[in-house]
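Quick notes on the structure that follows.
The values are calculated or read from the model by the stated rules, or taken from the named source; none is laboratory data. Keep in mind that what you see is a predicted model, and the values were worked out from it rather than measured. A quick note on method: Cβ atoms are made from the backbone with ideal geometry, for glycine too, and the neighbour counts reach across all protein chains shown.
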Amino acid sequence: MRYVPIDDLEPGQFLGRTIFSSNGTVLLNEGVQLTVYMISTLKRIGVTFVYVRDELYDDVDIQEVVSEETKRAVIRQMNQVFDSVRSGKEFSTKSVSLTIDQLLEDIMRNKDVLVHLADIRSKENADYLHAMNVCMMSSVVGMNMGFSPTQLKELAIGALLHDIGKVGAPPDGDEDEDPRRHHAWRGFETLKGKREYSLLIAHVAFQHHEHVNGTGRPRGLQADAIHIYAKIAAVANAYDNLVSSFDENGRRILPHEACERLMAMAGRQLDRDVLVEFLKTVSVYPTGSSVRLTNKEVGVVVGQHRGLPSRPIVRVVKRDDDELEVKEFDLAKHPTLFVESVLM
C-alpha cells in the first residue's frame with residue numbers, strides 16, 4: 001500500500017484502508033475500486049490522504065497499535081458519549097471503561113509497534129478520531145513510562161474524554177474572557193461528578209491546555225502543578241492537532257514536521273521529559289509514505305524500527321524497459337543516509 005494525497009487519486013485505483021463514519025460504520029470498504037464519484041465525495045467530506053493498493057508494495061504490512069475492531073468500538077463509544085452530553089443525559093461510564101479495557105489490551109499486545117495515525121479523517125469523524133488518537137498515544141507513552149494498570153486506565157479514560165467540555169458549549173462562549181467558560185474547565189465540571197471515576201481523570205480534561213511555563217489556560221498552572229497525566233495528554237493533543245492541520249501554504253503538516261514543531265515547544269508549552277518519551281513511540285515517516293533520500297533515490301517507506309522512528313526501511317523501485325530493479329535501504333544500517341524530504 002501507498003499513502004497518497006487525495007488530489008493524486010485516480011479512478012480505477014483500489015482503496016487500501018477502510019474509511020469509517022462518525023458512528024463507526026463503514027463508508028468505503030478496503031479493496032473497493034475508486035470511481036470519479038467516490039473520489040469527489042471523499043474530497044467533499046474533507047478527506048485529504050488515503051491508502052491505495054499498489055502491486056509493488058502488496059507485501060508491506062502496516063502494523064497497527066490498535067485493531068480496526070477496537071477503533072470502531074471507540075468511535076461508536078465517543079459518538080454515544082457526545083450525543084448523551086449534547087442532550088443533557090448521563091453517559092455510561094461502564095461502557096467507556098469496557099471500551100478502554102479493549103484498547104489497552106491491544107496496546108499491550110502490540111507494545112513494540114510504532115504509532116502512526118493512518119486512519120482516514122473526514123469532517124464527520126474528526127472529533128471522534130481526535131479523541132481516540134489522543135487516548136491511544138497517551139496510553140502508549142504511559143505504558144513506556146512504567147505506569148501501573150490502574151494509572152494506565154485513568155490516563156486512557158481522561159485522554160479519551162479530554163475534550164468533553166467542547167460538547168454543547170454555547171456558541172458565544174468566550175474562553176479567553178472567563179476561565180470557567182473554557183472547555184477544559186467545562187470538561188472538569190462534567191467529569192468530576194462521575195463517582196465511578198477518579199478525580200485525576202477529570203484533571204486530564206482540566207489541565208491539558210496548561211503550559212509548563214505558566215502561559216496556558218484556564219488557570220495558568222506551571223511545572224509540577226500540572227499532573228503527569230495532563231502533561232502526557234497535552235503532548236498527544238498537540239501532535240494530533242498538528243498532523244490534522246495545514247501550514248501557512250495550505251499544505252497538510254506531515255508527521256516529521258509536527259515532531260519538529262513539538263520539539264520547539266519543549267520546556268515552554270510541553271514537558272520536556274514527556275516529549276522525549278513521546279518521540280520514541282511515534283512513526284516519524286509512516287509506512288506507505290513516499291520519501292527522497294539524501295542519495296537522491298526516491299522510494300516508499302516499507303518498515304519501521306521500534307526506538308529508531310527516524311530510521312525507517314525504504315524500498316526504491318526503478319523501471320528499466322520491462323524490468324524492475326528493487327532495492328531496499330534500511331536506514332538503521334546506513335548511518336550516513338537520511339530522509340531528505342517527504343513527497344506529498
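Of a type in the set (A, V, I, L, M, F, W, C), exposed (fewer than 15 other Cβ atoms within 10 Å of the Cβ) and free of Cβ contacts under 8 Å to residues at least 60 places away in the same chain: is that true of Val284 in this structure? It is false that Val284 is of a type in the set (A, V, I, L, M, F, W, C), exposed (fewer than 15 other Cβ atoms within 10 Å of the Cβ) and free of Cβ contacts under 8 Å to residues at least 60 places away in the same chain. Scanning the stretch 107-122 for residues that are modelled with pLDDT of 90 or more and either surrounded by fewer than 19 Cβ atoms within 10 Å (Cβ to Cβ) or within 23 Å of Phe49 (Cα to Cα) (or both) turns up Met108, Arg109, Asn110. Restricted to the stretch 313-330, and to residues that are under 28 Å from the mean Cα position of the chain (by Cα) and free of Cβ contacts under 8 Å to residues at least 24 places away in the same chain, which residue is surrounded by the most Cβ atoms within 10 Å (Cβ to Cβ)? Checking each candidate, the answer is Ile313. If you check Phe278, Phe338 for being of a type in the set (A, V, I, L, M, F, W, C), surrounded by fewer than 16 Cβ atoms within 10 Å (Cβ to Cβ) and more than 17 Å from Tyr3 (Cα to Cα), only one passes: Phe338. Scanning the stretch 288-296 for any residue that is modelled with pLDDT under 90, under 23 Å from Val60 (Cα atoms) and of a type in the set (Val, Ile, Thr) turns up nothing.
Taking first residues from the stretch 149-164 that are more than 17 Å from Gly193 (Cα to Cα) and partners that are outside any helix (DSSP H, G or I), the Cβ contacts under 8 Å between residues at least 6 apart in sequence or on separate chains come to Leu155/Phe147. Of the residues making up the stretch 178-194, those that are closer than 10 Å to Pro218 by Cα, in a loop (DSSP other than H, G, I, E, B) and touching a residue at least 12 places away in the same chain (Cβ under 8 Å) number 1.
The C-beta contact set for the stretch 204-223 (first residue in the same structural domain as Arg181 (by TED's automatic domain parsing) and under 17 Å from Ala159 (Cα atoms), second residue hydrophobic (A, V, I, L, M, F, W, C) and part of a loop (DSSP other than H, G, I, E, B), distance under 7 angstrom, 6+ apart or interchain) comprises Ala205/Leu161; Gln207/Leu221; Gln207/Ile226; Glu210/Leu221; Glu210/Ile226. If Val235 passes every condition in (1) of a type in the set (Val, Ile, Thr); (2) over 30 Å from Asp178 (Cβ atoms); (3) buried (at least 23 other Cβ atoms within 10 Å of the Cβ) but one, which one does it miss? The failed condition is (2).
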